[in-house]
1. Regarding GLN134, is this residue open to solvent by 100 Å² or more (accessible area, probe 1.4 Å) and modelled with pLDDT under 85?
2. Would you confirm, using the coordinates I've provided, whether LEU101 is modelled with pLDDT under 80, over 39 Å from the mean Cα position of the chain (by Cα) and open to solvent by 100 Å² or more (accessible area, probe 1.4 Å)?
3. What pairs can you find where one residue is in the range 21-50 and touching a residue at least 24 places away in the same chain (Cβ under 8 Å), the other is loosely packed, with under 10 Cβ neighbours inside 10 Å, and their Cβ atoms are less than 7 Å apart, with a gap of 6+ or different chains?
4. If only one of ILE55, ILE29 is in a helix (DSSP H, G or I), under 30 Å from VAL10 (Cβ atoms) and out of contact with any Leu (no Cβ under 9 Å at 6 or more places or on another chain), which one is it?
Amino acid sequence: MGGACAATYVSFSLGSQLPVACRKMGQRIGLGYLLFKDILKLNLPKDIGQSNEVIKAFRQSEQQANALQREFRSSVSKLKQEIQQQIPEELNKNPYKILELKNDRKPIVQQNTLHGVDLIVYYMNERQRLKELQKSKQNREGFYKNL
C-alpha cells in the first residue's frame, strides 16, 4: 500500500514529464533483462554432459561422506562398549556420589511461617480497619455536634 501511494504521488508530481520518465524506466528494465540474460549465458556450461558430471560427482561425494559418518558412529559405539568392559567397576561409579554428604536430619517445617505477601495482606487489612474506625468516630462526633 505504501509503495503504491508513493508511486502515485511521484507520478502526479512529474506532471507532463511522466511519459518521458516511464520510457526511461522501461529502457532501464529492458537493459537490465538483457544484461541478466547475457550473464546467464556466460555462466552456464557449454554442454549438458559437463553439468551432469558435476552433479554425479557431488552425489558420489555426498554418499561417501554419509558412509564414512555411519562407519565412524558404529566404530565409536563399539569402542565405547569395549572400553566400558575393560574399566574396573570402581572407576565406573560417580566420584561425586562417594563425596556426597548424607543429611540424616529431617527438615524443620515451621507451620507459622509468614511470607511477604501474607504480611502485606495483613497490613492492608489492618489499615482498612483503622480507616473504618476513624470514619465511624468522625460520624459519631458529627452526629453529637448536630444535637
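The values are calculated or read from the model by the stated rules, or taken from the named source; none is laboratory data. Keep in mind that what you see is a predicted model, and the values were worked out from it rather than measured. Counting neighbours? That spans all protein chains shown, and the Cβs are built from the backbone with ideal geometry, glycine included. Ligands, DNA and RNA are excluded from the accessible area calculation, which covers all protein heavy atoms including side chains. Shrake-Rupley method; radii C 1.70, N 1.55, O 1.52, S 1.80 Å.
1. So GLN134 does not fit the description; no.
2. Against the criterion (modelled with pLDDT under 80, over 39 Å from the mean Cα position of the chain (by Cα) and open to solvent by 100 Å² or more (accessible area, probe 1.4 Å)), LEU101 qualifies.
3. So the pair list comes out empty.
4. When all the criteria are applied, what remains is ILE29.
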